[in-house]
Each structure stands twice: as structure tokens, then as C-alpha cells.
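Structure first, commentary second.
The values are calculated or read from the model by the stated rules, or taken from the named source; none is laboratory data. Since we're looking at a predicted model, the values are computed, not measured. Cβ placement follows ideal geometry from the backbone for every residue including glycine, while neighbour counts extend to all protein chains displayed. The protein model used for the area step is the full one, side chains on, heavy atoms only, and it has no ligands, DNA or RNA in it. Shrake-Rupley method; radii C 1.70, N 1.55, O 1.52, S 1.80 Å.
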Amino acid sequence: MHPRGSSKKGVAPPTVAGEASGGTLRHPNRLPDPRLVLISALLLSAWLFPGWLVSCDVGSRYTSGEPQTSRPAPVEAGPPAVPPASGAAEPLAEGTEREVVVVATGDLNGWITRHTLYPKERGRGLAHLARTIARLREAHPGLILLDGGDALIGAPHTALAAPRSSGGSTPPILRLMNRLGYDAAVPGNRDFSLGRAGLEHIAAESAFPWLAANVAAGDAPWLPPYVIIERNGVRVAILGLTTPATLMWTGRDRLGGLHIEAVEASARKWVPILRDKERADLIVALVHSGLDAEYDRAAALQNGLPLPNAAGRLADFVPGLDLVVAAHAHRLSPGANRPGESDYTVPVLEPGSRGNGLAVARFRLTRRAGHWERGDVERYTIRAYPQADPGAMALVRKELDATAGWLDARTAVRIKSVPETRQFHRCSAALVHEAAMEMARNEGMGATPAYSLLPMLWRVHLPDANDVGSTVRRAHLYRWMIYEERPVLASLTGRQMALLLEPFLRYKRRLSQFPGNVLNPGGLTLRHAAKGTEVLRLADAASGEELARHQRYPVWMGDFHWNGGGGIARKALVHPSQQRAALEATLREGVFDLLADPATVLPAHCNAWLEPVR
């Protein structure tokens, strides 16, 4: 949900001038506070005489119930980003002014730079944000840098460095986050695909806390629910929350017994604690949950889960919050400076996706009667630089080079022409079905005849004229199959299969239908498809024998829909007890192995635009 309205006249956001050429930040002028002048002089001395700083107690104070590691310096060279000293040692004078700046990323999906896979795309990824983060630190020493979740999984290199146990490696995106000096992050639904042990390893390797107030291990919080960060004498509480729909999209088996509570109820529990017990001056809800409460509500209800997207309800109905950072919807907002105005009761930031930009909130506070009085809040976004920061790239160069070689791996199939969209989809459906069958045979399930109801949704990033004549590489499959879908074998009745194919029938009839819920009938033919699913008859594509509606058959599905994604499995009254097996390898890798085998005979639907390499 994009914020509406225009910004107030005469107020310009602090922006990065000359984005590609290294411009400077502009900020409104105001008379300097004498105390700030003194602090600036001390910091200048620390820069000129760095040895003097070693003996000084200057820095941020964290409180989350666990000791925090020291914060690393930014990637770019220059003066150290040291926050001003805390004002807790002496009373602050009436009318003292302070500012607190919050900078957020979200839904990075492991992307350091997208140029490894999309060389023609405008630059995006965390390495494209490093320069802006460093400059914001110079302009606002002590800024608070947050991530709203789904930082770890998605980019190709994440498949090579996924820490699925305590002995796993540290992902390159995490090493860069450590270097950039993040202050806190929350796990998103895709991060949980690493499993509980994998995320615990991530937390141990991080130089910042991972927060999850609504994720419990038994009766105790699994991760710290919040962290208190002191900046410029202001106590800022960061409350971490994540979407309960993780259980629907990722699966309970990967959570290792963790329980995810409702976002709004958890926030109502913790906000009074932060105000009264922790004496927080500002409370920021860092949430992996979208603003649109209706999106995925029906699917969650069918799966017995709380509201998946509750960030908007936090902003409107949970008293005591000062800012909501809402990742998950892959939106970067607000798009313009929004001083003092918001579509919600409290200001909201949406921190973008895959490193396409930063969302910034700038608080101005004044000391009144022993408390901080909050003034207007500036909110704005900054787009990623087209070029990646050299220092950030050098930090992860080894992994990126290995990923480039991995993506360049070739199959035994060549692109002979540019396909039409429907040719592309029919071919992709046939390839995914054949790949699932081959993966089953490789797992010793070859004697079991099986059908498949696998997703149609390959990204329509069609080959162009420049691709004609080139061999299909793993990079092509990453552009076409953007999700980490894994096959699950279930025992379904003929009637359940017919119900699951209802979105496919709507798609075939060119009726309105969300493409992500369209499942292709692999190994099946539709005998009759009159109005209503009760008259749909399915038959074996090889023998022509009709499937009985009450009898059960082995069927491969993707884990997203099997776990409840889209809600269609629950509409068909599918029960978890019907699961027979689950494979760890992704369907994308299954398709790659299929096409890399010279003995593979291409499905008929693919012959229009693919051919074997002679």
C-alpha cells in the first residue's frame, strides 16, 4: 500500500546529490547547540589523533538481555562512524535538541549485486547501498541501521553458502552486513528456510542482534524480543516481529518446534514494557509483515494462522509506537519527503527489495520537563547507486567469482528461437514434471507411478534475439524459476486433485486467476471440464484410464502450495497426514540436471524453441 498525498511545500528531503558521481548530502541549516560544538571538537580530535580514542568510553549502548559484539566500521574509507557520547552522565538542559536517524533495508534476498545475473539491469544489491550508508553516517553520526527480514535467501550465491546447521559457513551477505554496522535485524519467512539451526548459526555469526518478539521456543522467546540503543542521550527501543504465515510458506518442519504468535498481540504485550520498564524515548517496530491486511488473509485463515500482514494495524491501533518499518511487501516508500504526515497514525517506512534503495526516518526531539518531546519526522527514500561499492565487492569477491562460474554451467540444450509466452509456459510445465519424476527415480522411487501438480509460475523473462543459438545455462533457469521450490510427494484422491486444478481451468478459459495458484496437471489429461469442478474427470495421460474420485494416487506438489501457500490445498481439504516424502533439492536444480543429461528427450512442448546440442 503506497502512501498517498504530496509532501509539504517548501520542505526538501536530505538527498544524495549526483548519485553516480559522488555528490554530498544537503540538510536544512540551524544554529548549532554549544554542547554539540564541544562534542564535534572532541570527535575531530579523535579523528586527528586516533590513539586518544582508545581510552575513551565513547559509543552506543545496547541492551537486549545478551552481550553485544562491537560494531565494525563502514566499508568506505574515511573518518570512523562514532556516535556522539551519551548524555546520561549529566542532566540535559531544558530545550536541548537532538536528532535520531533510522535507516532501513528489507527483502535483500541475499543480493550483493544483481549484475551477476542481470548485467543489463540497473544496479541494485547491498553493495550498491554501501556508499550511501557511509555518507549518511558522515552526515548523521550514530544513525541506526536496521534490516526488516528476508536478507539471507534468494540470490544464486546463497545456494552455495547456505548455513543449514551450526557448522555452516557465514553467508557473504551477512559478512557485508557486519561490515556495514547494522544495529538489528528480524528474520523473514524466507530466512526460515535455513531451518532453526541455520538461523541460530546466523545469529551467532552476526555483529548485531536478531530480534523476534513473537517467535517462541516453548514458553520462552527464541531470540531477543527487542534491543535498546542509546543515541545522543535518547533511548531507542527496536522491537522485532515477523509474519506468522512463515508456517504456511516455509513449513513447520523447518521451524524445529518454534511457534510464531500474532504480530499485533505480541506488539501490545511488549510496547508497555519498553515504555515503562525500559524507559524508551522512541519505539520502532521492525516488522517483516506487509501493510495490506487483506493480502493472504483468507489463506492464513484456512491454515488456522493469524493475520500475515499486520504492519498497518500496528501503525494504526497499537499505542506507543513512534515508527513502523514494514518489510515483506517489496515496496520502497515513501517516494518523496513526508515531514510530519503519514497515511497511518504513526509514520511508516517500507525499505524496498533486493537492495533497490534505503528508507530513512529522521526524528527531531526537544527536551521538555525531563522528557524528549518528538517533533516532525522526515521520511524519504534513496535509490541504490548504479555502481557497486568497490570495498564491498572486494569483501565478497571470492564468493561472487565462484557464483559466476556456477551460473555459467551449461546444459545439453540450445535455444533455437524466441518462444511465445504460451510456448514458454507449456514447455516449463512439461520440464518441471519430467524433472520431478527423474528426482524421484534418483531417490529410489522409480517403481512408483506418480502424477504432479506443480506451479506454472516461471518468470516471463523470455529469451531474446541475443540468446538464440546459445546453450541454456544455470543462469537462465535462475531468471526463469525465481523461487526455491522443493518437491513433496503426497497421496491425494482423484477429487482432491480435481479441486486443486480449478485455478488451472480458469487459466485455460482465460478467466481472472492469480498465476501463482495455477498448478499444471503433469501426467494427466482432463477428460471433461464443464462448469464446476464436480464434473471434472482426470485420466492417466499414458494409458487413458480414468482416475477414481475416491481413490488415492501418488502426486508430486511444490512445498509452497503443500504447506498452505495460496490457500488452494486447504480448499481441497488436503491434510498433512497425506504427505509421503519430501526432497531437499530444488525443482530448479532438478530441471538443470534433466537438461544437462545428453540422453534426455525434450518434451514435445519444448521443441518449438529448444533443441539438443549436437
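A few points about this structure:
- Full extension of the chain between A409 and A204 yields a length gain of 70.4 nm, computed as 0.36 nm times the residue separation minus the alpha carbon distance.
- Scalar couplings 3J(HN,Hα) for the stretch 275-285, obtained by applying the Karplus form with A = 6.51, B = -1.76, C = 1.60 to θ = phi - 60°, are 6, 8, 7, 8, 6, 5, 8, 10, 10, 10, 8 Hz; x denotes Gly and Pro.
- Rg/Rh ratio calculated on Cα atoms of the stretch 101-194 (Kirkwood radius): 0.98
- Normalised by the number of residues in the stretch 473-614, the average gap of Cα pairs under 8 Å and 6 or more apart makes the relative contact order 36 percent.
- Cα-based shape type of the stretch 263-368, given that a ≥ b ≥ c are square roots of the gyration tensor eigenvalues and the cut on a/c is 1.5: oblate
- Whole-Hz couplings from phi, Karplus 6.51/-1.76/1.60, listed for the stretch 593-599; x for Gly and Pro: 4, 5, 6, 7, 7, x, 7
- Each of K508, K416 has its accessible area taken with a 1.4 Å probe; listed largest first, they run K508, K416.
- With a Förster radius of 41 Å applied to the beta-carbon distance between R549 and H259, the computed FRET efficiency rounds to 0.65.
- Amide hydrogen neighbours beyond the local backbone of V413, cut-off 5 Å, H modeled: V472, V613
- In the stretch 179-309, the DSSP beta bridges split such that about 55 percent are antiparallel, to the nearest 5.
- Using θ = phi - 60° in the Karplus curve 6.51 cos²θ - 1.76 cosθ + 1.60, the 3J(HN,Hα) couplings for the stretch 185-194 round to 8, 10, x, x, 4, 6, 4, 5, 5, 6 Hz; x is entered for Gly and Pro.
- Within the shell defined by Cβ-Cβ distances under 10 Å, the residues around E611 carry a net charge of +3, with Lys and Arg each +1 and Asp and Glu each -1.
- Once the Cα-Cα distance is subtracted from the 0.36 nm per residue extended length, the V601 to A465 segment shows a gain of 46.5 nm.
- Proximity of backbone amide H atoms, modeled 1.01 Å from N, is registered between Y451 and V555, W556 at under 5 Å, excluding neighbours fewer than 5 places apart on the same chain.
- For E230, residues with placed amide H under 5 Å, excluding near neighbours: R61, V236
- Here r is the Cβ-Cβ distance between T345 and Q302 and R0 is 45 Å; the resulting FRET efficiency, rounded to 0.05, is 0.90.
- Here each label is just a point 7 Å from Cα along the line to Cβ, and for E121 and R580 those points are 3.8 nm apart.
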